[in-house]
Amino acid sequence: MLKTIAVPELEPGMFIHDLQMSWLQHPFLRSQFLLRSQDDIDRIRALGIREVVIDTGRAERLPEGPEGRQEETARLQAELDAYPGERPRADVLRQRRVEVDEELETARPVREEATGVVESVMHDARLGRQVDLARVEPVAERMMESIFRNPNALLSLGQVRRVDRYTFEHSIAVGVLLVTYARARELDPEVIYQLGLGGLLHDIGKARVPEAILTKPGALTEREYQVMQRHVNLGLEMVGDMPELPPPTLEVIAQHHERWDGSGYPNGLCEDEIGPYGQMAAVVDVYDAITSDRCYHRGEHPTLVLRRMLEWSRSHFREEVVHHFIQCVGIYPAGTLVRMESGRLAVVLDPGEKILYPTVKVFFNTHTHSLVQPEVIDLANPGYHDDHIAAYEDPRRWDFDLNRLLG
């Protein structure tokens, strides 16, 4: 039974039938979905919507607390195990030249430099100046070099960000994720570099979008959303006089908002009309956007987003691309916070070859609410420990500097 109710009446377990706005105007990747938490409701409220349509026949009593989160993870693993397609080679996915703690010393200044360069280039573009490719290319090279040594360093550093620098840090994250993903797919190193460059520049057109629209905390009007959509073509115009930009880089800029079912923009491309690099960029862009805190919604935990992306792959993304991406970053991506069965908290250092059994660093006891001697545990080697992951944890519940804990 369909029923229209006011947003303040929403409760977890209700099923949203219609948000009464275009799918492209809200941060959810489906217009019909189950409200799984108060965070979902807060995100709807932040859109400025007054009423929504719910389907009372599809409401559920949700599993609460850590057990519910553990159930989400189990469902994700089951879907991955059932996938009939070809999987990326495990030896390529987990190839490391140095340990993550060693690479962090190099990765931190690389990330800081990249954020500063992207911010500066976008500032210049906002003033009408030409994109200075000579400043961006060395950053893309250093990012690629760090990821080839150990991808988990830059990936983990991207877990903690500032909301007011979302546009810049999102560009860095997309570049890092694209390089990591392309490396796992064993693409040619030159193409991998070109995709990293595309990630850094994919949102360059936002430099020409009014700041009031970029940072608006509520729902965009139809007119405002049309202006926002223009950032793709604006970006292409801004780099159009750069013949040195290779096709993979341009494909990332042009197609990162296209969708497999034709519902994306700017050209409404569908299926194989979208190039392979555009398909990869679309998955990476959405993953980072949904897991990040933004001015109008709180980011969701990566593990939960990955499971939902499997659902979205039936319409918005090519299923193979989503599965390969999840195999690449792991169910527990580097830098995420987890709670162990012992009650200790740990930060993930490496997703590991067996993606349910990452390498973690435990550091806190939730029973005594005290720090413990940090200990690195490879959960894939049960003979050396007697602890396991119980569920992922929301780092906003805890006042920890995860970046400091990684080193």
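Values in this text are rule-based calculations from the coordinates and carry no lab data. Computed from a predicted model, the values in this text were never measured in an experiment. Neighbour counts run over all protein chains shown; Cβ positions are idealised from the backbone, glycine included.
Calculated FRET efficiency, Glu271 and Ala82, Cβ-Cβ r, R0 22 Å, to nearest 0.05? Mind dumping the intermediate values first?
Numbers: r = 23 Å, r/R0 = 1.04.
It comes to 0.45.
Could you give the distance between the Cα centres of the stretch 339-389 and the stretch 216-253, to the whole Å?
Taking the Cα centre of each part, the stretch 339-389 and the stretch 216-253 sit 42 Å apart.
In nm, to one decimal, how far is the modelled label at Glu137 from the one at Asp42, with both set 7 Å along Cα→Cβ?
With each label placed 7 Å out from Cα toward Cβ, I get 4.5 nm.
Quick one: Debye curve from the alpha-carbon atoms of the chain only, equal weights, vacuum; give me log10 I(q)/I(0) at q = 0.08, 0.13, 0.14 Å⁻¹ to two decimals.
-0.42, -1.17, -1.36
Got a sec? Charge dipole of the chain, +1 on Cβ for Lys and Arg, -1 for Asp and Glu; which of Gly48, Val131, His202 is way out at the positive end?
Positive-most Cα among the choices belongs to Gly48.
When only C-alpha pairs under 8 Å and at least 6 residues apart count, what is the relative contact order of the stretch 344-403, in percent?
25 percent.
Taking amide hydrogens as modeled 1.01 Å from N in the peptide plane, which residues meet the under 5 Å criterion relative to Phe33, leaving out close sequence neighbours?
Ile16
Whats the longest run of the chain with zero trypsin sites (Lys or Arg not before Pro) that are DSSP loop and have at most 10 other Cβ atoms within 10 Å?
Numbers: sites that count: Arg50, Arg61, Arg97, Arg162.
The reported range is 163-407.
For Cα pairs less than 8 Å apart in space and 6+ apart in sequence, what is the mean separation divided by the residue count of the chain, i.e. the relative contact order in percent?
Contact order relative to length: 15 percent.
Work out how much length Ser342 to Val191 would gain on full extension: take 0.36 nm times their residue separation and subtract the Cα-Cα distance, in nm to one decimal.
Here the answer is 49.9 nm.
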